[in-house]
Amino acid sequence: MNPHSADDLVRDLLTRALAVVGLLGIALIHVLDAIPTFSELPYKGWLYVALIISALAVAAMLVRSGSRRVWALAVGLVAASILAFVFSRTVGLPSAPDDVGNWSEPLGVAALLVEGPVLAVAAHALTVGAPARVAADRGRMLAHPA
């Protein structure tokens, strides 16, 4: 195995590990916020559950593979979460007028501080990181032909 492909493999593994940790953080933040949310707005609590399950599923997929499809799922999930937060703070969600303008809510800020970097890492892996992923895949195929 040449050093270049080993470097690409390490870079791929570290990138996926960063995204996995970030997705786990997103899930945890929303678990903490979902608990009181269910009593106030049950539909919003169920949206959190959907996000939590999706974040855990995408994290598990990233543990197994750094494919373009999985990175695209990560980008879409995190972008949707950020957009939902912005929507809730600008236009507002049904029956949640208190969220409009509440940009400093601690768990919301924490979520954005995790989601932003995860989105950046995933977008990078999906676009700029693609040649490294292809080179790493090629190296694995050459080392272990079917």
As an exercise: evaluate G66 against (1) closer than 30 Å to L14 by Cβ; (2) in a helix (DSSP H, G or I); (3) touching a helix residue (DSSP H, G or I) at 6+ places or on another chain (Cβ under 8 Å) and give the number of the one condition it does not meet. (2)
Within the range 60-86, tally of residues that are modelled with pLDDT under 95 and of a type outside the set (K, R): 3
Could you pull out the residue among I53, I26 that is crowded, with 19+ Cβ neighbours inside 10 Å and closer than 30 Å to E105 by Cα? I26
State the number of residues belonging to the range 69-112 that are surrounded by 14 or more Cβ atoms within 10 Å (Cβ to Cβ) and among the basic types (K, R). 1
Verdict on G76 being over 18 Å from L28 (Cα atoms) and part of a helix (DSSP H, G or I): yes
In the range 30-44, is there at least one residue being more than 22 Å from F85 (Cβ to Cβ), of a type in the set (A, V, I, L, M) and in a helix (DSSP H, G or I)? no
Filtered residue count, the range 88-132, keeping only those that are part of a helix (DSSP H, G or I), within 23 Å of L24 (Cα to Cα) and over 17 Å from the mean Cα position of the chain (by Cα): 2
Filtering the range 99-146 down to residues that are under 30 Å from E40 (Cβ atoms) and in contact with a His (Cβ under 9 Å, 6 or more places away or on another chain), which residue is modelled with the highest pLDDT? A111
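The values are calculated or read from the model by the stated rules, or taken from the named source; none is laboratory data. As the structure is a computational prediction, the values presented were derived from the model and not from experiment. Please note: Cβ atoms are built from the backbone with ideal geometry, for glycine as well, and neighbour counts cover all protein chains shown.
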